[in-house]
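The block underneath contains the structure these notes are about, expressed in structure tokens.
The values are calculated or read from the model by the stated rules, or taken from the named source; none is laboratory data. Computed from a predicted structure; not experimentally measured. Note that we place each Cβ from the backbone using ideal geometry, even for glycine, and neighbour counts take in every protein chain shown.
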Amino acid sequence: MSAKQGNGGNKIDALRLCRLSLLCALCLVFGYIESVAVIVPIAGIKLGLANCIALLLVSFDDIKGAFAVNIARILLSALLFGSPVSLIFSLAGGLSSLVVTCLIRKAKFLSLIGISIVSGTVHNIFQLVVAVFAVGVGALYYLPVLLVSGAVCGALTGTVCTLILKKIKTNRKK
Amino acid sequence: MLKKGDYIVLLCIAVISLSALVTVNVVAKNGRTVIIKQDGKTVYSESLSKDNVVELENNTVVIKDSFAYVEKASCKNQICVKHTPINKSGEIIICLPNKVTVEIK
């Protein structure tokens, strides 16, 4: 595929656009599956598989791609399966966790799983902050549950990501 | 697969969530009033010790033995119904799809 020339002379890499779009679609499907299939028995807790995609992009140092895919997925997901309220919660959680992920991605003392744990926990913390604005201080009652579930789900998605990365690396060597 | 830093992070999270759990249970006071809101507007505000059944358009709230809980709801996720009964000041049950909140003050 060849690069396309845009109006201001900005080149749009068609291959990159296609790749990111595919990842975004995959992300969207992950989000949809989680909203329909109950993976975690506790009410309202989701696994956050969609975060895998953003995490993978960050580990390949494609920060812009990670943000693009994440934001696009959040908007599409809210449009298709959610409500305006869910959009605010999703944005708060998704953006904050991605920003933190990008900040700590170079930390040598953390593995990808550790980064994912932090990512999941931060996601839940910021969603709780939004909830407090919405319903008041009583929402803080859920802080322990959200911290633990964020960490556990983060660890699980981090493990999945690590396995995926291993497969990608072994396939590249072939 | 896990590095040293991961364990430190996990430990910090465990410590913070445990202290939050302890704090919430120590600070929590038994509530006195039940306030039920529909679309942000208060539709019921009575003493928690007064047994009652409040029938809203899409939810049914029961107040019994100084506890409040949602018995029935038309929402898809039923999180409000699955919620354990509340009685402590500050506790709240939220039905987001139907915009109903049950709060203890």
Whichever residue in segment A:114-140 is over 27 Å from B:Asn87 (Cβ atoms) and among the polar types (S, T, N, Q) and, among such residues, is nearest to the other protein chains (Cβ to nearest Cβ) | A:Thr121
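Got a number for residues in segment B:74-100 being closer than 22 Å to A:Lys46 by Cβ and not hydrophobic (A, V, I, L, M, F, W, C)?
To start, the set of residues in segment B:74-100 that are closer than 22 Å to A:Lys46 by Cβ comprises B:75-84, B:92-99.
Next, only the ones that are not hydrophobic (A, V, I, L, M, F, W, C) stay: B:76-78, B:82-84, B:97-99.
The number of residues fulfilling the criteria is 9.
Return yes or no: is B:Gly31 within 17 Å of the chain's Cα centre (by Cα) and within 11 Å of another protein chain (Cβ to nearest Cβ)? So that I can check it myself, show each step before the final result.
Numbers: within 17 Å of the chain's Cα centre (by Cα): yes; within 11 Å of another protein chain (Cβ to nearest Cβ): yes.
Yes, satisfied.
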Listed residues A:Ser59, A:Ser35, A:Ser83; which is more than 25 Å from A:Val129 (Cβ to Cβ) and either modelled with pLDDT of 95 or more or among the hydroxyl-bearing types (Ser, Thr, Tyr) (or both)?
-> A:Ser59
Among the residues of segment B:1-39, count how many are of a type in the set (Asp, Glu) and assigned to a loop (DSSP other than H, G, I, E, B).
-> 1
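A quick yes/no check of all residues on (1) in contact (Cβ under 8 Å) with a residue 24 or more places away in the chain; (2) assigned to a helix (DSSP H, G or I); (3) within 30 Å of B:Gly90 (Cα to Cα):
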{"residue": "A:Leu91", "(1), (2), (3)": "no, yes, yes"}
{"residue": "A:Val100", "(1), (2), (3)": "no, yes, no"}
{"residue": "A:Lys108", "(1), (2), (3)": "no, no, no"}
{"residue": "A:Val118", "(1), (2), (3)": "yes, yes, yes"}
{"residue": "A:Leu163", "(1), (2), (3)": "no, yes, no"}
Given the conditions (1) exposed (fewer than 14 other Cβ atoms within 10 Å of the Cβ); (2) in contact with a strand residue (DSSP E or B) (Cβ under 9 Å, 6 or more places away or on another chain); (3) closer than 30 Å to A:Val36 by Cβ, and given that B:Lys50 satisfies all but one, which numbered condition is not satisfied?
-> (3)
Cβ-Cβ under 8 Å pairs, at least 6 apart or on other chains, segment A:31-44 side in contact (Cβ under 8 Å) with a residue 24 or more places away in the chain and outside any loop (DSSP other than H, G, I, E, B), far side of a type outside the set (Lys, Arg) and loosely packed, with under 13 Cβ neighbours inside 10 Å | A:Tyr32/A:Leu80
Which numbered condition trips up B:Thr84, out of (1) within 25 Å of A:Phe89 (Cα to Cα); (2) among the polar types (S, T, N, Q); (3) in contact with a Ser or Thr (Cβ under 9 Å, 6 or more places away or on another chain)?
-> (3)
Please verify whether segment A:82-95 includes one or more residues that are of a type in the set (A, V, I, L, M, F, W, C), under 19 Å from A:Thr157 (Cβ atoms) and surrounded by fewer than 17 Cβ atoms within 10 Å (Cβ to Cβ).
-> yes
